[in-house]
Amino acid sequence: MLTPGFADPVLHAQAAFRAVLDAMSRPGRVQLAGPGLAPPAPLMRASAAVLLSLADAATPVWHDAGADADAWLRFHAGAPVATTPRDAAFVLATGAPPTLAALDAGTEEEPERGATLLIQVEAIEEGTGLRLTGPGIEHEHRLLVRGLPDGFVAAWAANRALFPRGVDVILCAWDRLAALPRTVAIAEG
């Protein structure tokens with residue numbers, strides 16, 4: 001049985017869209033998204049809210065969240081499900097994510113076609129951890145992320161070197177999200 005999507009589809013989709021927009025324009029700043037959502041496990045409220053506000057019939061989604069989440073996303077977002085991560089506009093990883101290099105990075109002519117990877121992590125919080133620099137960050141911003149895959153920082157450097165092509169990442173932890181646009185540099189410590 002499907003659980004409901006947004007209680008107020010227009011208002012809540014707009015709020016989720018605004019949270020993603022704020023997160024992308026202020027990399028590493030934690031935003032809240034998905035209040036009141038009850039997506040099927042293992043979907044977290046933030047990742048469900050992002051997909052409900054951004055995915056549609058023209059944006060294929062690939063995920064590893066299982067049959068209940070698949071039915072929920074198909075019904076509420078109307079997005080087709082891609083057969084491989086490379087074929088998806090949005091990739092949702094509830095477990096180990098595919099490598100950034102395995103995703104569509106767009107083309108020189110159409111860099112906006114690069115995929116967005118949503119990674120569900122254990123926790124995200126501002127103030128310590130990774131050092132972020134680049135557009136949208138005055139000096140540097142710190143973001144602690146628990147649950148990132150090993151080698152993420154090195155893979156991110158390779159992804160960033162593709163600019164203007166590349167993959168954007170949205171980290172989701174329960175009802176919190178933080179974005180890592182492809183323009184941001186990430187260093188450990």
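Readers should treat all values here as calculations from the given coordinates under stated rules, not as data from a laboratory. Please read these numbers as outputs of a predicted model, since none were measured by experiment. A quick note on method: Cβ atoms are made from the backbone with ideal geometry, for glycine too, and the neighbour counts reach across all protein chains shown.
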Two-site label geometry, GLU122 and ALA158: point separation in nm, points 7 Å out along Cα→Cβ: 2.5 nm
Just to verify a number: FRET efficiency for ASP68 and GLU140, C-beta to C-beta distance, R0 = 41 Å, to 0.05? 0.50
If I take the Cα coordinates of the chain and project them onto the principal axes, what are the three extents in Å, biggest first? 45, 34, 28
Contour minus end-to-end for PHE17 and ASP150, with contour as 0.36 nm per residue of separation and end-to-end as the Cα-Cα distance? 44.9 nm
With a Förster distance of 25 angstrom and the Cβ-Cβ distance between PHE75 and ASP8, calculated FRET efficiency to the nearest 0.05 equals 0.90
Can you tell me the 0 to 90 degree angle between the C-alpha axis of helix 45-54 and the longest principal axis of the chain, rounded to 10? 90 degrees
Output the 0 to 90 degree angle, nearest 10, between the alpha-carbon long axis of helix 67-77 and the longest principal axis computed from the alpha carbons of the chain. 90 degrees
Separation of the stretch 37-72 and the stretch 168-189 by C-alpha centroid, Å? 19 Å
For the stretch 9-187, averaging the sequence separation of alpha carbon pairs under 8 Å that lie six or more residues apart and dividing by its residue count, the contact order in percent is 25 percent
What does the charge count around GLN14 come to, taking other residues whose C-beta lies under 15 Å from its C-beta (Lys +1, Arg +1, Asp -1, Glu -1)? -2
